[in-house]
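Notes follow the structure.
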Amino acid sequence: MTAQDLRDVLRERAEAASPANPYRHEHVRARIRRTRVRRRAAAGATVAALVLGASVVPGVTEQRQRETTAVAGAAAELPERFTAHDGTEYRRLASGVLRAKGEGKASFTVPVSGRPLDVAVECAGGGPVGPVPDVTVNGNRTDGPAFWSCSDGMSLRPVTVPPDVTEVTVTLTYEPGCDVVERDGPCRPTAAERPDLDLAVYEWTPPAQPVEPAPIGDDAPVRYRDMTPAGSATGVWPRDSSFTFEAESRTGKVAVNQVCRGDLAGRMWFRYLVGGEEKTLAATCPDRGSGRYPMAPVEFLVPKGKRVTINGRLGMWGEHTNRPVRWSLTLYVE
């Protein structure tokens, strides 16, 4: 029996019920662990390279040692398990740290059980916004949203698993960036600060039935720049996957603002056709929380004073079984 098996058995036999959102408690414990690690490092403790042992998952009978590539420093582990708001159960398969200094690379080889996989990133110590890592699976880049910034809390992105494999290697790399000195001229190494990142690879089990997110509300701003609302559309994906607007602008400027709600909101993409011409693929949909109404409009130029049709369809990166996303669009016209 492996250490992971033992943990599973102990949890199944525990008498106490789990809290409504165990991830919150694990998140606090993880931050306490990070603080202790930093204090020990400041006192001159010697840190060994992180080596991960094999995990046994149903459907994978071979047990072998799995290694994390040369990550200097002790891993401040992200939660071993947590439950998303829609009831999806996450289980950690591997964890480590991507250091800003040095090679700037970390790899994890994990078993494939048939369940979806996500890679998780959290800035160690709440670091600054800076360059974000590239993610490859078995050496190949995969389609999907990027880690755009050092956000507050843990960010999850889907892992595209190739067919007919029993394990995959997920690699996160800080690519050397550059700042352009002059137009069409050479560039110099970027001065942007790269944060240390706590990493993990999770597999997840979706809820037994679809769980629809709460309504978004109708409090969209009444003005965007010099534009005013001229239409709206809403739905729940994947049940509702298309929309149509009619627009007429005296200046030739229109914009569509996208807002979503759901645990997978950040994985939605929107494809627009304006007057029958494909314009852009917008791969962002801010999650509607309790704060200010998020604004991330996509702007288009259209013939002045001429009525045009804006068609669109929606999709999602990665697996989404029983995890719908509610979406709302507002058309602004100048």
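The values are calculated or read from the model by the stated rules, or taken from the named source; none is laboratory data. Computed from a predicted structure; not experimentally measured. Reconstructed Cβ throughout: ideal geometry from the backbone, glycine too, with neighbour counts over all protein chains shown. Calculation scope for accessible area: heavy atoms of the full protein, side chains included, ligands and nucleic acids excluded. Shrake-Rupley method; radii C 1.70, N 1.55, O 1.52, S 1.80 Å.
Tell me whether the range 228-245 contains one or more residues that are acidic (Asp, Glu) and either surrounded by 15 or more Cβ atoms within 10 Å (Cβ to Cβ) or over 25 Å from Gly144 (Cβ atoms) (or both).
Within the range 228-245 (the criterion being acidic (Asp, Glu) and either surrounded by 15 or more Cβ atoms within 10 Å (Cβ to Cβ) or over 25 Å from Gly144 (Cβ atoms) (or both)), the answer is no, since none of the residues qualifies.
Every residue, every condition in (1) assigned to a strand (DSSP E or B); (2) loosely packed, with under 15 Cβ neighbours inside 10 Å; (3) touching a helix residue (DSSP H, G or I) at 6+ places or on another chain (Cβ under 7 Å), yes or no:
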| site | (1), (2), (3) |
| --- | --- |
| Arg250 | no, yes, no |
| Trp269 | yes, no, no |
| Leu314 | yes, no, no |
| Gly318 | no, no, yes |
Checklist line | Considering residues of the range 88-132 that are modelled with pLDDT under 90 and of a type in the set (Asp, Glu) only, the residue least open to solvent (accessible area, probe 1.4 Å) | finding: Glu122
Notebook entry, point to check: Does at least one position in the range 286-296 carry a residue that is in a helix (DSSP H, G or I) and either within 21 Å of the chain's Cα centre (by Cα) or crowded, with 16+ Cβ neighbours inside 10 Å (or both)?
Noted result: no
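If a residue must be at negative phi and in contact with a strand residue (DSSP E or B) (Cβ under 6 Å, 6 or more places away or on another chain), how many such residues does the range 318-334 contain?
11
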Checklist line | Flag for Gly262 being at positive phi, in contact with a Pro (Cβ under 8 Å, 6 or more places away or on another chain), of a type outside the set (Val, Ile, Thr) and buried (at least 19 other Cβ atoms within 10 Å of the Cβ) | finding: yes
Next item on the list: Look through the range 271-285, keep the residues that are free of Cβ contacts under 8 Å to residues at least 60 places away in the same chain and either among the aromatic types (Phe, Trp, Tyr) or not in a strand (DSSP E or B) (or both), and return whichever of them is nearest to Arg323 (Cα to Cα).
Entry: Cys285
Check: Condition test on Val274, is it under 17 Å from the mean Cα position of the chain (by Cα), at pLDDT 90 or above and buried (at least 19 other Cβ atoms within 10 Å of the Cβ)?
Finding: no
Next item on the list: Kindly indicate whether any position in the range 195-205 is in a loop (DSSP other than H, G, I, E, B), within 28 Å of Cys285 (Cα to Cα) and modelled with pLDDT under 90.
Entry: yes
Next item on the list: Could you check Val135 against (1) open to solvent by 10 Å² or more (accessible area, probe 1.4 Å); (2) within 19 Å of Arg323 (Cα to Cα); (3) modelled with pLDDT of 85 or more and say which number it fails?
Entry: (2)
